[in-house]
Amino acid sequence: MISITYAPKFLRQLNKLKPNLKAEVKERIVLFKKNLHDSRLRTHKLHGELSDCWAFSINHQYRIVFEYLSEKEVGFLKVDDHDVYKR
């Protein structure tokens with residue numbers, strides 16, 4: 001199972017989400033831990049300024065951006081709507 005480190009910015013953004021969306025995020029994180037390339041997550045490599053990062057979907061609007069820290073550890077950087085790619 002993969003280990004996750006949470007960036008302070010990620011935690012601040014998570015705390016600002018509505019309770020029902022937070023619950024969705026937690027469900028997706030459990031799924032991610034089991035299989036980070038589960039097709040339901042739609043995990044994908046990012047480009048441009050975020051080319052060292054990956055993202056996966058919470059729902060049609062929200063994403064989590066992460067980076068690999070090692071083979072067995074990732075760092076969650078951001079959670080937000082599609083604008084997460086622009087900030």
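Computed from the coordinates by the stated procedures, all read-outs in this text should not be read as laboratory data. Please read all numbers here as calculations on a predicted model, not as lab measurements. Here the Cβ is made from the backbone with ideal geometry for all residues, glycine too, and neighbour counts use every protein chain on show.
Output the residues belonging to the stretch 27-41 that are basic (Lys, Arg) and surrounded by 13 or more Cβ atoms within 10 Å (Cβ to Cβ).
Just the residues of the stretch 27-41 that are basic (Lys, Arg), to begin with: 28, 33-34, 40.
Those that are basic (Lys, Arg) and surrounded by 13 or more Cβ atoms within 10 Å (Cβ to Cβ): Arg28, Lys33.
Scanning the stretch 42-64 for residues that are over 16 Å from Leu21 (Cβ atoms) and surrounded by 11 or more Cβ atoms within 10 Å (Cβ to Cβ) yields Arg42, Thr43, His44, Leu46, Leu50, Cys53, Trp54, Ala55. Of the conditions (1) in contact with a strand residue (DSSP E or B) (Cβ under 6 Å, 6 or more places away or on another chain); (2) touching a residue at least 24 places away in the same chain (Cβ under 8 Å), Lys45 fails just one. Which one is it? Unmet condition: (2). The set of residues in the stretch 67-87 that are touching a residue at least 40 places away in the same chain (Cβ under 8 Å) and surrounded by 10 or more Cβ atoms within 10 Å (Cβ to Cβ) comprises Leu69, Glu73, Val74, Gly75, Phe76, Leu77, Lys78, Val79, Asp80. For the stretch 48-87, residues that are among the basic types (Lys, Arg) and more than 19 Å from Lys26 (Cβ to Cβ) total 3. With respect to the conditions (1) within 11 Å of the chain's Cα centre (by Cα); (2) exposed (fewer than 12 other Cβ atoms within 10 Å of the Cβ), Lys16 falls short on a single one, namely (1).
I need the strands (runs of 3 or more DSSP E) fully contained in the chain, keeping only those with at least 1 residues that are touching a helix residue (DSSP H, G or I) at 6+ places or on another chain (Cβ under 6 Å) and of a type outside the set (Gly, Ala, Ser). Even if it seems obvious, please write down each step before you answer.
Working: elements: 3-6, 54-57, 63-70, 73-80.
Qualifying strands (runs of 3 or more DSSP E): 54-57, 63-70, 73-80.
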